[in-house]
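Remarks on the structure that follows.
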Amino acid sequence: KGVRPEIALLYSYPSRLYHKISEEFTMADEMISYYSALEYSHYPFDTILEEQINDRDIQKNYRIIVAGGIDYVIPATRKKLEKFVSDGGILILGLKTLSHDEYGNLLPTPEWAGVELLSRQKAEVGELSLSIPQTKLLPGKIRGLSYGPVKPVGSKVIGTIEDKPIITEKKYGKGKIY
């Protein structure tokens, strides 16, 4: 309490209404997973609605925006997030890359996020191997989920499970997209 959050968790009604990741795992489930990870790690964060992004100066309020499981967005939201990252912010995406508008139409340049999920498969658990230094906040082996092959598009692979890309980093202006 009393600590200003540097992280915002984005909630998108268009994704909630439109997208179902699989029969047993919905976008809402993925958002809850990101919410839980932030909550249980004790990082202070705000939850913001997609509509609020256009009303706030997000660059002044947040250093990181987490948009886990969000594929369908109001086009102005993605433009605002692109500017946020270009100006030095960090955007963390989940299994989706904000690639469709609220009507299901593909937005221009879906590869902007630096990754393409080639196919959706049943999640496989494996040990995460990182090509970057591991934080002391997560000591020991880190287990992760792989939902299928990921194709880096102008991004660098920084995490793998069994030599398959699982985490990428793309420099975008002054910021980064993971």
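A Cβ distance below 7 Å, combined with a sequence gap of six or more or placement on separate chains, defines the contacts here; from the stretch 37-58, residues that are of a type outside the set (Val, Ile, Thr) reach residues that are at pLDDT below 90 and open to solvent by 80 Å² or more (accessible area, probe 1.4 Å) in the pairs PRO44/VAL3; GLU50/TYR13.
Taking TYR43, is it among the aromatic types (Phe, Trp, Tyr), in a loop (DSSP other than H, G, I, E, B), at pLDDT 80 or above and under 20 Å from TYR178 (Cβ atoms)? Taking the combined requirement at face value, the residue satisfies it. Scanning the stretch 75-92 for residues that are open to solvent by 50 Å² or more (accessible area, probe 1.4 Å) and either in contact with an Asp or Glu (Cβ under 9 Å, 6 or more places away or on another chain) or over 12 Å from ILE53 (Cα atoms) (or both) returns ASP87, ILE92.
The values are calculated or read from the model by the stated rules, or taken from the named source; none is laboratory data. These numbers were taken from a predicted model, which means no experiment stands behind them. Note: ideal-geometry Cβ built from the backbone for every residue, glycine included; neighbour counts use all protein chains shown. Areas reflect the complete protein model, heavy atoms only, side chains present, ligands, DNA and RNA absent. Shrake-Rupley method; radii C 1.70, N 1.55, O 1.52, S 1.80 Å.
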